[in-house]
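Visitor: I have a structure I would like to understand better, so I am pasting it below and will then ask my questions one at a time.
The values are calculated or read from the model by the stated rules, or taken from the named source; none is laboratory data. Bear in mind that the values here come from a model prediction, so they are computed numbers and not experimental data. Methodologically, a virtual Cβ is constructed for each residue, glycine included, from the backbone with ideal geometry; neighbour enumeration extends over all protein chains shown. Accessible surface is based on the protein model in full, side chains and every heavy atom, while ligands, DNA and RNA are left aside. Shrake-Rupley method; radii C 1.70, N 1.55, O 1.52, S 1.80 Å.
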Amino acid sequence: MSKSKTLGYKGPYSYQKQKEREPRSCIRFKCALTNTIMDVLRQRPGWMEVKDEGEWDFYWCDVSWLRENFDHIYMDEHVRICHFRNHYELTRKNFMVKNMKRFRKQLEREAGKLEAAKCDFFPKTFDLPSEYHLFVEEFRRNPGITWIMKPVARSQGRGIFLFRKLKDIMDWRKDGGRSDDQKEEIQVENYVAQRYIENPYLIGRKFDLRVYVLVTSYLPLRAWLYRDGFARFSNTRFTLASIGDHYIHLTNVAVQKTAPDYDPEKGCKWMIQQLRQYLTAKHGPEMVEKLFQEMDNIFIKSLQSVQKVIINDKHCFELYGYDILIDQDLKPWLLEVNASPSLTASSQEDYRLKCRLLEDVLHIVDMEVRLTGKEKRVGGFDLMWNEGPVSREDSHLDMPGNGNFVANTHLGCINDRKKQLKQLYAQKKV
């Protein structure tokens, strides 16, 4: 149960430790959202919703609740919540870049330039206004290229704009788009200025990928990759001329819904399995396998960059939504990581995907205590990192560097999760 107590209260630790892995006949849950996750929680056998000040075992909270309450609440051993205390180290745009730059320097010192180069998967980025002068130097070294400005703490495409002239950024720096009566009261909002990727891979239109990664621990790092995800297409055709007109091709569904030809049933998405099949047919399996391996590297390196910064807590887990852009050379770029990826469905297919995803998150969090902790796969999730890379094979000899190592990742592959769960739970109803 969860109780509001003073921060220093420890409770009967030895008794709780003994009880930690015992099955519970009823899981009491709270949920701050009213979309797909609420449906999944309400339909889960043996789970009961509690409201207001009722005691709970599991809370799908929002980040504002976490910020206001985490440091002032006592949680029993078995209790779980859906965010780490300082999740923003990875999910706030400027913090993610700061941590990635620091981690890259660390890798270069400790393992050399070749290893550090594996972190070169995000475009050159500057935190504004603090790195404004560094940005201006870079801007003048590379005249004529396009940059994109993104507010560090907003989502769904809000506040984004493109520019090619320093005057545009100077106007922003001067007033941030504020009215005269606000200039004295409100500080300029923090942005990142990022080099715009002008050669995106196109399938008629520009698209990016939404991929789901579940972290159940940072120390040691334990991360799972979901097999399903989707490609989100822009509702307009991409041309270099449109970049010159400062037109932004946003692939976010919240933006796409405003298009006059948006179809809520079809949406503007492909499943990643469909995309992988398309790319394989066009470029061959070897090039596509390399692309997906490079995406695996993005997930792991980005998590490692915050591993020593995130406040690890056994009560916490996090479902991240990674946004990846592929360029014409089949190189993947990390755009951002979301701590609260949208769980609102844009179509029936999207609803089914998110229900499956969330059901499998709950299987791994395992409030019912049905897993052994040695599983490499649970439903649609594959364990890709467990204090080190996880092999698809069970052999301990199959380690990285042997030449035979194959990572336990299956993004865009067949997701026969029902069959796998049935086997996993030995014919138990799931």
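Visitor: Considering only residues of the range 139-159 that are of a type in the set (A, V, I, L, M, F, W, C) and over 21 Å from Pro332 (Cα atoms), which is most open to solvent (accessible area, probe 1.4 Å)?
Guide: Taking the range 139-159 and keeping what is of a type in the set (A, V, I, L, M, F, W, C), we get 139, 145, 147-149, 152-153.
Those left that are additionally over 21 Å from Pro332 (Cα atoms): 139, 152-153.
Values: Phe139: 21, Val152: 8, Ala153: 73 Å².
In this case the residue turns out to be Ala153.
Visitor: Now for a separate question. How many residues, within the range 316-346, are closer than 25 Å to Gln420 by Cβ and assigned to a loop (DSSP other than H, G, I, E, B)?
Guide: 4
Visitor: Please go through the range 320-351 and pick out each residue that is more than 19 Å from the chain's Cα centre (by Cα) and more than 19 Å from Asp296 (Cβ to Cβ).
Guide: Of everything in the range 320-351, those that are more than 19 Å from the chain's Cα centre (by Cα) and more than 19 Å from Asp296 (Cβ to Cβ) turn out to be Gln328, Ser347, Gln348, Glu349.
Visitor: Still on this structure, I have one more. Within the range 271-295, how many residues are touching a strand residue (DSSP E or B) at 6+ places or on another chain (Cβ under 6 Å), assigned to a helix (DSSP H, G or I) and either open to solvent by 20 Å² or more (accessible area, probe 1.4 Å) or aromatic (Phe, Trp, Tyr) (or both)?
Guide: Residues flagged as touching a strand residue (DSSP E or B) at 6+ places or on another chain (Cβ under 6 Å), assigned to a helix (DSSP H, G or I) and either open to solvent by 20 Å² or more (accessible area, probe 1.4 Å) or aromatic (Phe, Trp, Tyr) (or both) within the range 271-295 amount to 1.
Visitor: Which of the following residues is basic (Lys, Arg), modelled with pLDDT of 95 or more and either in a helix (DSSP H, G or I) or open to solvent by 60 Å² or more (accessible area, probe 1.4 Å) (or both): Lys51, Lys105?
Guide: Details: Lys51 fails: modelled with pLDDT of 95 or more.
The unique qualifying residue is Lys105.
Visitor: Can we say Val369 is closer than 27 Å to Ile298 by Cα and among the aliphatic types (A, V, I, L, M)? Quick ask: steps written out before the conclusion?
Guide: Values: closer than 27 Å to Ile298 by Cα: no; among the aliphatic types (A, V, I, L, M): yes.
The answer is no for Val369.
Visitor: Then there is this: Regarding the range 348-366, can at least one residue be identified that is at pLDDT 95 or above, surrounded by fewer than 21 Cβ atoms within 10 Å (Cβ to Cβ) and of a type in the set (Val, Ile, Thr)?
Guide: yes
Visitor: Specify which of the listed residues (Leu41, Leu66) is at pLDDT below 95, assigned to a helix (DSSP H, G or I) and either open to solvent by less than 40 Å² (accessible area, probe 1.4 Å) or touching a Ser or Thr at 6+ places or on another chain (Cβ under 9 Å) (or both). Working first, answer last.
Guide: Values: Leu41 fails: at pLDDT below 95.
Answer to the check: Leu66.
Visitor: Scan the range 367-380 for residues that are assigned to a loop (DSSP other than H, G, I, E, B) and open to solvent by 20 Å² or more (accessible area, probe 1.4 Å) and report the count. Walk me through it before giving the result.
Guide: First, pick out the residues of the range 367-380 that are assigned to a loop (DSSP other than H, G, I, E, B): 367-376, 379-380.
From what's left, open to solvent by 20 Å² or more (accessible area, probe 1.4 Å): 368-376.
Residues flagged as assigned to a loop (DSSP other than H, G, I, E, B) and open to solvent by 20 Å² or more (accessible area, probe 1.4 Å) within the range 367-380 amount to 9.
Visitor: From Ile310, Ile300, grab the single residue that is of a type in the set (A, V, I, L, M, F, W, C), modelled with pLDDT of 95 or more, closer than 25 Å to Pro389 by Cβ and not in a loop (DSSP other than H, G, I, E, B). Working first, answer last.
Guide: On the way: Ile310 fails: not in a loop (DSSP other than H, G, I, E, B).
Matching residue, one of Ile310, Ile300: Ile300.
Visitor: Counting just the residues of the range 13-38 that are open to solvent by less than 70 Å² (accessible area, probe 1.4 Å) and more than 28 Å from Leu343 (Cα to Cα), which one comes out modelled with the highest pLDDT?
Guide: Kept after step one, since they are open to solvent by less than 70 Å² (accessible area, probe 1.4 Å), are these residues of the range 13-38: 16, 20, 26-33, 35-38.
Narrowing further to those that are more than 28 Å from Leu343 (Cα to Cα): 16, 20.
Numbers: Gln16: 38, Glu20: 51.
Per the criteria, the residue is Glu20.
Visitor: Quick one: which of Leu330, Leu343 is under 18 Å from Pro123 (Cα atoms), open to solvent by less than 60 Å² (accessible area, probe 1.4 Å), in contact (Cβ under 8 Å) with a residue 40 or more places away in the chain and not basic (Lys, Arg)?
Guide: Numbers: Leu343 fails: under 18 Å from Pro123 (Cα atoms).
Among Leu330, Leu343, only Leu330 is under 18 Å from Pro123 (Cα atoms), open to solvent by less than 60 Å² (accessible area, probe 1.4 Å), in contact (Cβ under 8 Å) with a residue 40 or more places away in the chain and not basic (Lys, Arg).
Visitor: Return the total of residues in the range 54-91 being under 21 Å from the mean Cα position of the chain (by Cα) and among the aliphatic types (A, V, I, L, M).
Guide: Qualifying residue count for the region: 4.
Condition check ((1) within 20 Å of Trp333 (Cβ to Cβ); (2) of a type in the set (A, V, I, L, M); (3) in contact with a Leu (Cβ under 6 Å, 6 or more places away or on another chain); (4) not assigned by the TED database to the domain that holds Leu166) across all residues:
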| residue | (1), (2), (3), (4) |
| --- | --- |
| Leu66 | no, yes, no, yes |
| Phe70 | no, no, no, yes |
| Asp76 | no, no, no, yes |
| Phe95 | yes, no, no, yes |
| Lys98 | yes, no, no, yes |
| Leu107 | yes, yes, no, yes |
| Leu134 | no, yes, no, no |
| Glu137 | no, no, no, no |
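Visitor: Given the options Arg232, Arg164, name the one that is open to solvent by 10 Å² or more (accessible area, probe 1.4 Å), assigned by the TED database to the domain that holds Glu137 and either modelled with pLDDT of 75 or more or in contact with a His (Cβ under 6 Å, 6 or more places away or on another chain) (or both).
Guide: Result: Arg164 is the single residue among Arg232, Arg164 that is open to solvent by 10 Å² or more (accessible area, probe 1.4 Å), assigned by the TED database to the domain that holds Glu137 and either modelled with pLDDT of 75 or more or in contact with a His (Cβ under 6 Å, 6 or more places away or on another chain) (or both).
Visitor: Pull out all pairs, ordered by first then second residue, where Cβ-Cβ is under 8 Å, the residues are six or more apart or on different chains, the first lies in the range 288-312 and is over 13 Å from Thr409 (Cα atoms) and in contact (Cβ under 8 Å) with a residue 60 or more places away in the chain, and the second is of a type in the set (S, T, N, Q) and part of a loop (DSSP other than H, G, I, E, B).
Guide: Taking only residues 6 or more apart or on different chains, the pairs are Val309/Asn86; Ile310/Asn86; Ile311/Asn86.
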